[in-house]
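The values are calculated or read from the model by the stated rules, or taken from the named source; none is laboratory data. Computed from a predicted structure; not experimentally measured. Methodologically, a virtual Cβ is constructed for each residue, glycine included, from the backbone with ideal geometry; neighbour enumeration extends over all protein chains shown.
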């Protein structure tokens, strides 16, 4: 017989993984809901998951590749940007949705209890479906440019997990903040537009002067981009760009989870 | 009860282990404090908060913290010097045995919903502690998490898991749920194509098939048509027969009286009475100094109502239009509701339910004024008054539920259960139904009726007369 003790919360609390596991079926159906609802009543349906990054890639190739002629270490610009835009699309969408998750689900929040952390974590998985579909586009481009896979490809799963860690950290931090400050929603849309320039999505990280590289690579998005490029296109893995960001990313997710656990108890009273 | 409160239930002493077996819920000194003026204190824009924060960082930190930290609230709960503190719940303790069906009653704002929100873990208590032994399912609102774009089938799974079932449990109940809801034909249609009645039926069906050890319900009986409500009540009776524990919050006193084995009356966040439902309900109605003769909603945003009409005030008036807490049994009494119509082109039907102290409906009355019945209402403010003639009601306290629906299709705009009340003063003498009779005079109403009496002096003569006629 399960016994639930209800008492006033005190101090910092650990993540209750056991409870999260009990609710895994709910987790699954919430992800399923997000996926089904997103393209409901649209003609193109899941094709949007390909169309959306494809349009961006073409646009950036024309502007940065053809007109501005940004150097890409000898990689064709179209290939160069495809490899980065696809994880970027995932990260930016998951970030935006995760940080709004509590506000947009406030109706449910006040009516029924389940681990609150499920709200910001659901978009990480539902957006992964779009990401998987857009991998088809990536595959097509890789085949078109006759890229031969290298052993680096085995590292890709690590970088996918790393890619998910970033919206997780930001989502956990900002979703509870967004409850108090609705500004988060407006700030997110332009921050995301700016963030793309802070990481080597459209340009090559080798353009950064060596003395600034450590500082630059503290941005965890840098590591994801470099990691995706190295594992898909081959060549030496630039760990000096990847490791600092990974550390920051893990710290962000951990502190985000702690902050979220502390804030979740007042969310319903303050929202 | 032992009064021993240790951190871990498994380390409890002998006597608590005994109570573990037959207690489903224990609440010990539960309190919930809200700080009023939340709106003024929280900055809605980050910029303003940031500027303020730079100006006086420490003060601002304290201010934010004060929204959810209450170290400054005295342990004994004395808040004389703190006008901004609201005790939504104050030192509430009770034990509920396994298999009990307990009704929580009290006026709006008495703390019933706050209590349920704490017991369902939606919001934590400020003080005190509760223990819940067994799986809990709560129905604070039917259809939580329903999504319009998903089909009935998908919503059953989603809603079921939100309410705490596993996928396998939903699967095993699926056919029963569909049959109970009566929407078999539309099960793969998006819920947005359902009528509102169908959606509610489906949502309730999911909730009704949860099999928790403890079921927490808030006012779900208010939904659906009479037929469906009957279904719901019989479902609750089944749950009770299966020996499950039910915590039930309702304004529907006959339902509480019928379904519950015990009732707890809350007022001002505190337990006022705890006992057999009949006695507690009686106390609730007799002690109702709190049911005022007038209610007003100043803020149109928070006024009860939906898309078409908003209730702005409701009051009891005497013949001269003055608010009346108490009226003489011989006098006409009016019930006036003032409502705003905010969307034109609907036919509105205002009506009232009048309840007596026992919680029975004495009567219900619809606006049958030919000038307004079946007319479409334009945007504006309306004051509709129902006049109850003198010498119609019996003496005692009566409670009024004002309601407005829009017609074809019927859609509820507002329904404020027993929101105001008034007292009918007994009187004797000429012009009363009682006359000079000082004894008991029972009945739900006490009309002064017309009597006719025919008299003849000799009964036999009359019979002879009749015989002659035939």
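Helices (runs of 4 or more DSSP H) fully within the stretch A:168-271 that include at least 1 residues being free of Cβ contacts under 8 Å to residues at least 60 places away in the same chain and within 14 Å of chain B (Cβ to nearest Cβ): A:183-198, A:239-270. Restricting attention to the stretch A:17-39, the residues that are at the interface with another protein chain (Cβ under 8 Å from one of its Cβ atoms) and under 22 Å from the mean Cα position of the chain (by Cα) add up to 8. With respect to (1) under 23 Å from the mean Cα position of the chain (by Cα); (2) more than 30 Å from residue B:113 (Cα to Cα), the lone exception for residue A:66 is condition (1).
Summed over the stretch B:69-117, residues that are within 14 Å of chain A (Cβ to nearest Cβ) and at pLDDT below 70 total 5.
Residues that are within 14 Å of chain A (Cβ to nearest Cβ), at pLDDT below 80, surrounded by fewer than 22 Cβ atoms within 10 Å (Cβ to Cβ) and closer than 30 Å to residue B:106 by Cβ are absent from the stretch B:220-234. Listed here are the strands (runs of 3 or more DSSP E) enclosed by the stretch B:371-447 that have at least 1 residues being at pLDDT below 90 and within 19 Å of residue B:352 (Cβ to Cβ): B:396-406, B:411-415, B:420-425. Applying the set (1) within 12 Å of another protein chain (Cβ to nearest Cβ); (2) at pLDDT below 85; (3) surrounded by fewer than 21 Cβ atoms within 10 Å (Cβ to Cβ) to residue B:163 leaves exactly one unmet item: (3).
Is there a residue in the stretch B:134-151 that is at the interface with another protein chain (Cβ under 8 Å from one of its Cβ atoms) and in a strand (DSSP E or B)? Yes: one or more hits.
All conditions in (1) at the interface with chain B (Cβ under 9 Å from one of its Cβ atoms); (2) part of a loop (DSSP other than H, G, I, E, B); (3) within 20 Å of residue A:260 (Cα to Cα) hold for residue A:14, with the sole exception of (1). Taken together, the residues in the stretch A:81-134 that are out of contact with any strand residue (DSSP E or B) (no Cβ under 7 Å at 6 or more places or on another chain), without any contact (Cβ under 8 Å) to a residue 40 or more places away in the chain and within 14 Å of another protein chain (Cβ to nearest Cβ) amount to 6.
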